[in-house]
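J.: Before I ask anything, let me first share the structure, which is written out below as structure tokens.
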Amino acid sequence: MATKNSSITLVLRIGILLALFAAIATALVAVTEQATRSQIADNERATLLRTLNNLLPESEYDNDLLASTLTLPITAALGMQTPSLVYRARKQGQPVAAIFNIVAPDGYNGKISMLIAIRYDGTITGVRVLKHKETPGLGDKIELKRADWILSFTDLSKDNPPADKWKVKTDGGYFDQFTGATITPRAVVSAVYKALDYFHQQRDNLFAEATQ
């Protein structure tokens, strides 16, 4: 009888130890997952901020750019088919620039996703391509790492060049096209101009809350 009780006691002890180990392991996994999730979020935030600062240098604003956002509804003028964020930069409380997500829907191989930063006065501080499927060696020259063509938008505005010159040169416009690939730059130029026009019309609304 004593042996049987001892066996039961041993089984219970083993069961308790196993349960304890399982609880500790679960807790460790949860803590590790939380720490990893937090680190991933921090890394994503840092990467996004670096991308935005490539378009608008930190020296030009003093607010938390990632916290000063406005959610735009689906906006055809920006080529967006889903709600998107606009990042609003300020310095000493005054509007400085807005950074948008825009899409050129008519690239040679589909949509071209971009970021554009526009100063409060309507001039472009920069445009960068985020994602595209254009032909390597031809249409991919819209990427900064492939060519400096995308820099040609810097400091331009809705009226500079005039509206009828917001085209590639083969169409009688201001912007260079690529040898063997006219459709891609044509799509980007059109999308950038539409974003400038949208900003010109909506500037006060975009900065109203930030100004307050």
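J.: Restricting things to Cα coordinates, could you compute the convex hull volume per residue of the range 60-211 in Å³?
T.: Details: hull volume 15.8 nm³, N = 152.
Output value, Cα hull per residue: 104 Å³.
J.: What would the Debye equation give as log₁₀ I(q)/I(0) for the range 102-192 at q = 0.10 Å⁻¹, counting only Cα atoms as equal point scatterers?
T.: Listed by q, the Debye log ratios stand at -0.22.
J.: How much net charge surrounds Asn101 when only other residues with a Cβ under 12 Å from its Cβ are counted (Lys, Arg +1; Asp, Glu -1)? Working shown, then result.
T.: Details: positive: Lys111, Arg128, Lys131; negative: none.
Charge balance in the 12 Å sphere: +3.
J.: To continue, here is another question. Could you give the dipole magnitude of the range 60-211 about its Cα centre, charging the beta-carbon of Lys and Arg +1 and that of Asp and Glu -1, in debye to the nearest 20? Walk me through the intermediate numbers first.
T.: Numbers: 18 positive and 17 negative charges, 62 e Å.
Charge dipole, the range 60-211, about its Cα centre: 300 debye, nearest 20.
J.: Separate question: What Kirkwood hydrodynamic radius, in Å, does the range 170-212 give when the mean of 1/r is taken over all pairs of distinct Cα atoms and then inverted? Could the numbers behind the result be given before it?
T.: On the way: mean 1/r = 0.0807 Å⁻¹.
Taking the inverse mean of 1/r over all distinct Cα pairs, the range 170-212 comes out at 12.4 Å.
We did not get these values from a lab; they are worked out from the coordinates using the rules stated. Since this is a predicted model, take the numbers as computed values, not measurements. Every residue, glycine among them, receives a Cβ derived from its backbone with ideal geometry; neighbour counts consider all protein chains shown.
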